[in-house]
Amino acid sequence: MQSARGPAPRVLVAEDDPAVLDLVVTRLSLAGYVAFPARDGQETIRRLFEIAPAALVLDINMPKVDGFEVLSHMRDRGMTRSIGVMVLTARNRPEDVRKAISLGARDFLAKPFKDTQLLSRVARLVHQPRHGDVARPR
């Protein structure tokens with residue numbers, strides 16, 4: 001889907017719960033984004049390089065590689081400067097929020113959430129100024 005401004009923004013959704021993943025991908029797609037699913041942290045890291053998303057909606061509790069490790073990987077490669085990351089998780093303890101933000105997440109949304117919250121926050125991530133190009137793998 002293209003708008004007058006160009007191609008629809010790409011959003012990668014990293015979530016291991018199939019129902020939540022389907023809900024978020026569908027909701028973002030209906031709102032005009034090109035949404036891509038990732039079911040674990042390893043797939044998330046691989047897909048970051050494949051699709052170069054404008055934003056990442058990231059769960060923390062995932063198999064293989066958790067969301068904090070994904071954020072750390074992104075930060076070490078400079079990717080959090082160019083890809084807006086919102087953590088979407090049931091873990092909403094203050095220390096989890098602090099850790100996610102310190103690793104480069106720009107927003108944090110606790111489950112359960114409302115569609116309007118999800119869409120407004122993703123829109124904000126996509127429209128924030130990006131700082132340079134997507135980093136290349138090392």
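The values are calculated or read from the model by the stated rules, or taken from the named source; none is laboratory data. In this text the structure is predicted, and so the values were computed from the model without any measurement. Don't worry about glycine lacking a Cβ; one is built from the backbone with ideal geometry, like all the others, and counts go over all protein chains shown.
Can you tell me which residues in the stretch 59-88 are in contact with a Lys or Arg (Cβ under 7 Å, 6 or more places away or on another chain) and either assigned to a loop (DSSP other than H, G, I, E, B) or surrounded by fewer than 23 Cβ atoms within 10 Å (Cβ to Cβ) (or both)?
Residues satisfying the conditions are I60, N61, F68, R77, S82, M86.
Evaluate the stretch 121-132: report whether one residue or more is surrounded by fewer than 15 Cβ atoms within 10 Å (Cβ to Cβ), within 24 Å of R47 (Cα to Cα), at pLDDT below 90 and charged (D, E, K, R).
Yes, the stretch 121-132 contains at least one residue that is surrounded by fewer than 15 Cβ atoms within 10 Å (Cβ to Cβ), within 24 Å of R47 (Cα to Cα), at pLDDT below 90 and charged (D, E, K, R).
Write out, first by first residue and then by second, each pair whose Cβ atoms fall under 9 Å of each other, whose residues are 6+ apart or on separate chains, and whose first residue, in the stretch 2-28, is over 19 Å from V85 (Cβ atoms) and loosely packed, with under 11 Cβ neighbours inside 10 Å while the second is of a type in the set (G, A, S) and at pLDDT below 95.
Close Cβ pairs satisfying both conditions: Q2/A8.
Quick check on the stretch 104-113. Is at least one of its residues in contact with a strand residue (DSSP E or B) (Cβ under 7 Å, 6 or more places away or on another chain), assigned to a helix (DSSP H, G or I) and at pLDDT 90 or above?
Checked against the condition, which is being in contact with a strand residue (DSSP E or B) (Cβ under 7 Å, 6 or more places away or on another chain), assigned to a helix (DSSP H, G or I) and at pLDDT 90 or above, the stretch 104-113 yields no hits at all.
If a residue has to be among the acidic types (D, E), more than 22 Å from S120 (Cβ to Cβ) and touching a helix residue (DSSP H, G or I) at 6+ places or on another chain (Cβ under 9 Å) to count, how many in the stretch 46-102 make the cut?
Filtering the stretch 46-102 down to residues among the acidic types (D, E) leaves 50, 59, 66, 69, 76, 95-96.
Pick out the ones that are also more than 22 Å from S120 (Cβ to Cβ) and you get 50, 66, 69, 76, 95.
Narrowing further to those that are touching a helix residue (DSSP H, G or I) at 6+ places or on another chain (Cβ under 9 Å): 66, 69.
Residues meeting the conditions: 2.
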